[in-house]
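First comes the structure, then the notes that go with it.
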Protein chains: 2
Amino acid sequence: MERLKQQIREHGKILSDKVLKLDALLNHQVEPSLIMEMGQEFARRFQGDNITKVITVESSGIPVAFATACHLGVPMVFAKRKKTLTTDEDCYMERVPSFTKGIVTDIMVSKSFLSPQDRLLFIDDIIANGDAARGLIRIIERAESQLAGMGIVVEKSFQKGAQTIREQGIRLESLVNITGLTDGIIHFDS
Amino acid sequence: MERLKQQIREHGKILSDKVLKLDALLNHQVEPSLIMEMGQEFARRFQGDNITKVITVESSGIPVAFATACHLGVPMVFAKRKKTLTTDEDCYMERVPSFTKGIVTDIMVSKSFLSPQDRLLFIDDIIANGDAARGLIRIIERAESQLAGMGIVVEKSFQKGAQTIREQGIRLESLVNITGLTDGIIHFDS
């Protein structure tokens, strides 16, 4: 994914030594051909893995999750973020803190869309501390669905999210790995 | 879009005489091939209209807006919903009530992604009262971008949203038109 790295170098804005703003290509505006290329790459990595559905958390993960689902030919489910904890019997709900927003939200998935027969590929745009990801993983466990693995566009390996998920024994694939944001430079692992 | 109507008949859940839940095909789970078909149809209707960008409001509009942008070969921008009114100099922000959620939210678009040179196609999943749509239209006006028109997957013509937008002189195309939800039946215009 050299094109992706080049786009990150060109359009990424370093806001602090922890926060990289990728609004121009991932979180606010997207280039469909680049997103479809990402989806194709995730589909290639999980080909033969009998994925029945792609799942993500709204909103920034939706384009790339959709593109991956397109290439795999399976439905895509997006978990919703709720402002208030409602006790809906028909939903799995988990409360998660948000690293970038500094607030607590609830994420939910309707019970209709997850079953023990499902083998899921969880796609997201960025992983920092992984709080939302761990929330969705708990939902997947409660639904007794299988999690084939996770596909992340940008892993920030200087934060603990990806590591804690791999330590749970979950396969996590990322398209690019950022090892640091020091001295105003985006450092990639290779 | 007969396939879409059939899916709405099969999976739509009437919650009241005003609210139709389309979680199984539009707002929570999506079938990529059906969404790509919708995008292709919007692209066909606005072909030759010199669209430079597709725009939508997070989250449910993102898959179909992305699919439309794919077919038109242009970028897609999604307006964000914010919990608090921050005064960000770099953003256009409008406060809008939400019909389905019963709350007020702020929608925002970064000034970087809208210019007077842009000719926009605004895509959304459903139009009811049109509050969020009118908010985004105000943002587009403030940015002095041109609005070529709107593409809506499901128009509920028994609510006032689509009508008020057409009365502003804006071209609004919908894929299906629901005229009522009485007696537990979804009534289409044809």
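The values are calculated or read from the model by the stated rules, or taken from the named source; none is laboratory data. None of the values given here were measured: they were computed from a predicted structure. Cβ coordinates were reconstructed from backbone atoms using ideal geometry, including for glycine residues, and neighbour counts include every protein chain displayed.
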Of A:ALA69, A:ALA43, which residue is more than 9 Å from chain B (Cβ to nearest Cβ) and over 26 Å from A:HIS187 (Cα atoms)? A:ALA43
With surrounded by fewer than 18 Cβ atoms within 10 Å (Cβ to Cβ) and not basic (Lys, Arg) as the only criterion, which of A:GLY61, A:GLY73 stands out? A:GLY73
Of everything in region B:112-164 that's modelled with pLDDT of 95 or more and among the acidic types (Asp, Glu), which residue is nearest to B:HIS28 (Cα to Cα)? B:ASP125
Just wondering, is there one or more residues in region A:80-90 that are in contact with a Leu (Cβ under 7 Å, 6 or more places away or on another chain) and not charged (D, E, K, R)? no
What is the residue count in region B:125-165 for residues that are at positive phi and within 10 Å of the chain's Cα centre (by Cα)? 1
Report whether or not B:ARG95 is surrounded by fewer than 23 Cβ atoms within 10 Å (Cβ to Cβ) and farther than 17 Å from B:LYS82 by Cα. no
Got at least one residue in region A:17-37 being touching a strand residue (DSSP E or B) at 6+ places or on another chain (Cβ under 7 Å), more than 10 Å from chain B (Cβ to nearest Cβ) and closer than 17 Å to B:THR56 by Cβ? yes
So in region B:27-50, with the set limited to residues that are acidic (Asp, Glu) and part of a loop (DSSP other than H, G, I, E, B), which one is farthest from A:VAL74 (Cα to Cα)? B:ASP49
Considering only residues that are surrounded by fewer than 11 Cβ atoms within 10 Å (Cβ to Cβ) and closer than 17 Å to B:ASN27 by Cβ, which ones fall in region B:1-12? B:GLU10
Exactly one of B:GLY12, B:GLY61, B:GLY48 is more than 12 Å from chain A (Cβ to nearest Cβ) and touching a residue at least 60 places away in the same chain (Cβ under 8 Å), and that one is B:GLY12
Residue in region A:175-183 that is assigned to a loop (DSSP other than H, G, I, E, B), closer than 24 Å to A:GLU41 by Cβ and not hydrophobic (A, V, I, L, M, F, W, C) present: no
Go through region A:170-188 and give me each residue that's without any contact (Cβ under 8 Å) to a residue 60 or more places away in the chain, under 22 Å from A:GLY61 (Cβ atoms) and not β-branched (Val, Ile, Thr). A:ARG171, A:LEU172, A:SER174, A:ASN177
Out of B:VAL109, B:VAL96, which single residue is touching a helix residue (DSSP H, G or I) at 6+ places or on another chain (Cβ under 6 Å), at pLDDT below 95 and assigned to a strand (DSSP E or B)? B:VAL96
Condition first: of a type in the set (A, V, I, L, M, F, W, C) and either more than 26 Å from A:GLU37 (Cβ to Cβ) or not in a strand (DSSP E or B) (or both). Now tell me which residues in region A:139-174 satisfy that. A:ILE139, A:ILE140, A:ALA143, A:PHE158, A:ALA162, A:ILE165, A:ILE170
